[in-house]
Amino acid sequence: MSGHRRVRRLLLGAAALLIFAGFLAIASGCGSSSSTTPPATTAVQQTAFDKIASFMNGFMNSQTDQKTISATDLNKLMTTSKPGDAPLVLDVRSAKDYSTASSSSPGHIPGAINIPYKTMAEPTSIATLKSALAKQTNKTIVDHCYTAHTQSIATPVIVYLAQTGQLGTPAPKIQGLDFGMLGYNTVETPPTYKNTFPLEKTSNVPTGTFPLPSITGDLVSRAQQVLPNMPGRLNVSSDQTINKKPESSYTIIDIRSATEYNQGHLPGAINLPYQDLFKKVGDTYPSLAKIDRSKQILVVGNSHNVEEFVAVGLNLLGISQQDSNTGALGFGIATWNNTVGVKFTSADKNSLPTVTGTAPGKSPGSPTS
C-alpha cells in the first residue's frame, strides 16, 4: 500500500507542477500583451466632399473670416496710411466696370487691383494676388464688388488660399467691404424694399433625405469649375417672382435662426441655420442631406453676405440642381417683405473718391513701386 501511495503522491505532484507552469505561461502572456503597443487604428480617409465641407463649417462659424469693413473706415485707411501700409483692395468686378465710369460704375477705388471673381481660383489670378500682397506691409485684403454679393462668392475662396499658404506668409486677413461699391461710391440705384409679400409662420418639414453628391478635387479646382457658372444673385420682382419664376419653383432654405424663421419666412422654406449647415455628425451631414436638388436652390437669410457664403459652399459641394446654379436672394429677405431682415439705408451710401483706367491708380496708402 505504501508503494501505491508514493506513486499517487508523485503523480499528484507532477500534475500540480504542470498546472503551475500553465499558470505562469498565461501570466507571462498577459504581461507581454499589456506592454506591447496595440496596432494603430486606420484613419478614416477624408473625401473631397469631407474636406470642403469641413472648411466651410469652420468658415461659417468664424467671425474673423466673415469680417467686413465700412466704406468710411476703408477710405480713412487708404488716405492716411504710409505707402504700402494700407490694406490691399481687391476689386472683383468686371475689367470694364473697374476701368470705366459708366451708368453702372464710378470707376474703382484708388489703389485697388482687379481680379474678376469668376477667375479668382485660376493660377494666374492667385499669382497676381500673391505678388500684389507681397508689396504690402499690411497683410490685409479687402475684397469688394458692386453690392457685396459677388465679393461674398469670392471671399471663402480667398480665405482658403490664405489659410493654405498660397498667398504667402504670414497668411493675410480677409475682409469684405460693406455693401461693396454701393456703399463706397456708386451710380447704381439702391434697393427700395417696397415689397410686403406673404410670410409663412408654419414650419415646413423636409420631405426626406437625399443622397449627397460625390465630387473630386480640392476647393481650388472645384472653384475653377463653379465660380464662372454661379448666379450673382436672384432678385425679387414686383410681380412676386424671383428671377421671373414663382417661389414654388425653388427649393428654399432659410439659413436664419429658428426664432427668426418662426417669426416669418418665404412660403415653402425649410430652416437650416448656417452655423450647422455644413456640420458632419457621425458619417453623414444631416442638414445637407435635407436639401432637395430637383429644383434650383435658393438661399435666404438676413444678410446677403452670409447667403452668398452658403450658396458658393453648396455649389462647391455639388449641391445644386445643375451647373452650379444654387443662388442667394438679392439683398436678403427684406426684398421679399420689408418688415424683416437687414436693409441698406441712406446712411450706408457715400460719395468717396474713385479713379478710372486699367492701372490701380494713385493712393497715399499704395506702395510707390
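Points worth noting:
- Low-density loop cleavage sites - trypsin sites (Lys or Arg not before Pro) in the range 134-183, where at most 13 other Cβ are within 10 Å (DSSP): Lys135
- With Cα atoms defining each centre, the range 165-181 and the range 222-290 are spaced 26 Å apart in the structure.
- The angle between the Cα long axis of helix 304-316 and the main principal axis of the chain comes to about 50°, on a 0 to 90 degree scale.
- Against the main long axis of the alpha-carbon atoms of the chain, helix 2-35 sits at an angle near 10°.
- If the segment from Thr72 to Ser131 were pulled out straight at 0.36 nm per residue, it would be longer than the present Cα-Cα gap by 18.6 nm.
- The range 219-335 has equivalent-ellipsoid semi-axes of 21, 18, 12 Å, by the square roots of 5 times the alpha carbon gyration tensor eigenvalues, sorted largest first.
- When Kirkwood radius over Cα pairs in Å is calculated for this entry, the matching label among (1) 21.2; (2) 20.4; (3) 23.3 is (3).
- Hull shadow area, averaged, the range 48-190 [alpha-carbon convex hull, nm²]: 8.6 nm²
- Alpha carbon Rg of the range 266-323, scaled by the compact-globule rule 2.2 N^0.38 Å: 1.10
- Peptides 298-308, 58-68 ordered by packing proxy, namely the average of other Cβ atoms within 10 Å per residue, highest first: 298-308, 58-68.
- Against the main long axis of the alpha-carbon atoms of the chain, helix 48-60 sits at an angle near 60°.
A short reminder: the numbers here are calculations on the coordinates, not readings from a lab. Note that this is a predicted model, so its numbers are computed, not measured. Reconstructed Cβ throughout: ideal geometry from the backbone, glycine too, with neighbour counts over all protein chains shown.
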